[in-house]
Amino acid sequence: MEKGEQYKRSVMLTVLSLSLIISGSNAVSGAIPLMQRHFSNMPTTAVELIVTIPSFASIFVPLLSGYIQKGIGKRSLSLIGLGLAIIGGLLPVFVISYIPVILSRILLGVGLSLFTPLTVSYILDLYDKDESNNLLGYRNAVMSLGDTAMLLIVGVLLKISWHLTFGVFLTLLIPFSMILFFMPKKFDHYSIMSKSGEVKAKQRTNLAIIIYALIFLVITLAYSTIFIKLADYIVNNHIGDASAASFVFSVLTATSIVAGIAYKYIFKLLKAYTTAISAIIAGISLIIALLNQSLTWMVVFIVIAGFFWGILNPHLTSMMADQSPEGSVTLSTSIIVMGINLAYLISPYYNAFVSKLFHNFSSGFSLTFAGVVWTIFGIIYLIYIYFSQKQKSIS
């Protein structure tokens, strides 16, 4: 392989490595029962907060990312964010008191939130439309691969102690090392969309980005419902036990890896209709999965839903990028990330509100409603794209 090709490959792998751990803050959730024993004088909600509190930082910190990046560049911001995440992630291995553990988890959330927007802006700023489309799919695959690997590592460490499960965040050294050694500083403010190659425009946003953030919030609320309600649905309907539910989740995560790799082929087939058709298929598949009392058929349709969620995500991200003001991809991505993280944070309260609104508190209803939300969104978006394409052909 020529030196230039090796250089290009190393930069591409470095960009993708940033996505390896970005959704892994909840990987230690399996340690909750052991932490409850250790913090036996604390209420259950306080112990559960150890797992969820990084999400609080993930709501507002990403908005600062674009402005900080403007001053110090993408590379330095990535290293600072990764460094803080490594420190915050590993501190619970060595501390035993509740407050230091909580503070370290907040630090982890701040670190992750600083570099998460760069996982998209690096791709969109360095690569042309076709290549960035492909890489957004690979990004989804890398995220799912990271989630799967972290869950497996935590499963092994849990057999030793709950403290050691936080050692899983040593995996953050992978992207940290790659950014440090393989990411050139010359790409700090580079944008392929700018004629000069350098981004000089002030970071700003527009109404389209706000709308996309709201769309991501709504569809992520539906997706997060699967992780909150599916285990309860499987156990209470005697479809399987807790381990069966865990198996479904692991299959769902693995499916996203396949979807990320297959994305470019699906996009070539569906083109502008990729998001709409994917949302409709995902929604209908989730609803059909709930009509079955067979674990096997449930897994089949959950896999289909998860696969098309993995197709929808990168395409919607790509469409968001098309609407982003010049030189503002990092800020635009930060706003989208804020919408996604807000969805995960409020998901339990959202599901409680929907259940109260319709006077149905079963997990099956919550999951069905999530499928309906995806389907309705897909139909509305399909109509919108159809008339948009028609208008373009006329003009």
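Computed about its Cα centre, the charge dipole of the range 3-187 is approximately 380 debye, with only Lys, Arg, Asp and Glu carrying charge at their Cβ. Eigenvalues of the alpha-carbon gyration tensor of the range 207-394, scaled by 5 and square-rooted, set the equivalent ellipsoid semi-axes at 29, 18, 16 angstrom, largest first. Against the compact-protein benchmark of 2.2 N^0.38 Å, the Cα-based radius of gyration of the range 250-333 scales to 1.25.
Just the Cα atoms of the range 3-187, one point each, no solvent: what log10 I(q)/I(0) does Debye give at q = 0.17 Å⁻¹? Those come out to -1.04, one per q.
Ordering Phe60, Val373, Pro43 by the projection of their Cα atoms onto the charge dipole of the chain, which places +1 on the Cβ of Lys and Arg and -1 on the Cβ of Asp and Glu, puts Phe60 at the extreme positive end. Taking every full run of DSSP H in the chain, the ones that stretch at least 15 Å from end to end by Cα along their long axis and average -1.0 or higher on the Kyte-Doolittle scale are 3-17, 54-72, 74-90, 98-115, 129-157, 207-236, 242-270, 274-291, 295-323, 329-358, 363-394. When you work out D = kT/(6 pi eta Rh) for the range 310-356 at 10 °C and 1.306 mPa s, using the Kirkwood radius from C-alpha pairs as Rh and the Stokes-Einstein form, the result is 129 µm²/s. Taking each DSSP H run with n ≥ 4 as -39500 (n - 2.57) and averaging over every residue of the chain yields -26500 deg cm²/dmol at 222 nm.
Bridgeable aspartates and glutamates around Lys185 (alpha carbons under 16 Å apart, same-chain partners fewer than 8 residues away excluded): Asp125, Glu198.
As a proxy for reagent exposure, ranking Arg37, Arg9, Arg75 by other Cβ atoms within 10 Å from fewest up yields Arg37, Arg9, Arg75. For the pair the range 327-358 / the range 380-395, the C-alpha centres are spaced 27 Å from each other. By the count of neighbouring beta-carbon atoms within 10 Å, fewest first, Tyr349, Tyr265, Tyr273, Tyr212 end up ordered Tyr349, Tyr265, Tyr273, Tyr212.
Here the Kirkwood formula, the inverse mean of 1/r across different C-alpha pairs, assigns the range 201-261 a hydrodynamic radius of 14.2 Å.
Legend: residue pairs Lys8/Lys268; Lys70/Lys129; Lys129/Lys229, Cα-Cα distance threshold 27 Å; pairs beyond threshold, Lys129/Lys229. Using the Cβ-Cβ distance between Ile346 and Gln6 with R0 = 35 Å, the FRET efficiency computed as 1/(1 + (r/R0)^6) comes to roughly 0.20.
Over all other residues within a Cβ to Cβ distance under 15 Å of Leu118, the charged ones net out to +3, with Lys and Arg as +1 and Asp and Glu as -1.
This model, with +1 at the C-beta of Lys and Arg and -1 at the C-beta of Asp and Glu, gives the chain a dipole about its Cα centre of some 660 debye.
Show log10 I(q)/I(0) for the range 120-217 at q = 0.13, 0.15, 0.17, 0.25 Å⁻¹, two decimals, from a solvent-free Debye sum over equal Cα scatterers. One equal scatterer on each Cα of the range 120-217 leads to -0.73, -0.89, -1.01, -1.29.
Taken about its Cα centre, the range 207-394 carries a charge dipole of roughly 400 debye when the Cβ of each Lys and Arg holds +1 and the Cβ of each Asp and Glu holds -1. For the range 260-274, list residues with backbone N below 16 Å from a point placed 7 Å from the Cα of Lys390 toward its Cβ? Answer for the range 260-274: 273. Note: relative contact order over the chain, using C-alpha pairs below 8 Å and six or more positions apart, is 24 percent. Here, the range 35-143 is characterised by an Rg to Rh ratio of 1.09, where Rg is the alpha-carbon radius of gyration and Rh the Kirkwood radius.
Note on the range 276-382: Cα convex hull, mean projected area over all directions, 7.6 nm². Provide the net charge surrounding Pro348, with neighbours chosen by a C-beta distance below 14 Å and charges set as Lys +1, Arg +1, Asp -1, Glu -1. Net charge in that neighbourhood comes out at 0. Summary of the geometry: the range 43-87 and the range 290-322, compared by the centres of their Cα atoms, lie 28 Å apart. Residues Leu126, Leu269 in ascending order of nearby Cβ atoms (within 10 Å, fewest first): Leu269, Leu126. Think of the range 207-394 as a dipole: +1 on every Lys or Arg Cβ, -1 on every Asp or Glu Cβ, centred on the Cα centre; then among Leu214, Ser256, Phe267, Phe267 lies furthest on the positive end. The Rg/Rh ratio of the chain, with Rg taken over Cα atoms and Rh as the Kirkwood radius over Cα pairs, comes to 0.96.
Here, each number is a calculation from the coordinates, and none is a lab measurement. What you see is a predicted model, and the numbers here were worked out from it, not measured in a lab. As a convention, Cβ positions derive from the backbone with ideal geometry for all residues, glycine included, and neighbour counts pool all protein chains shown.
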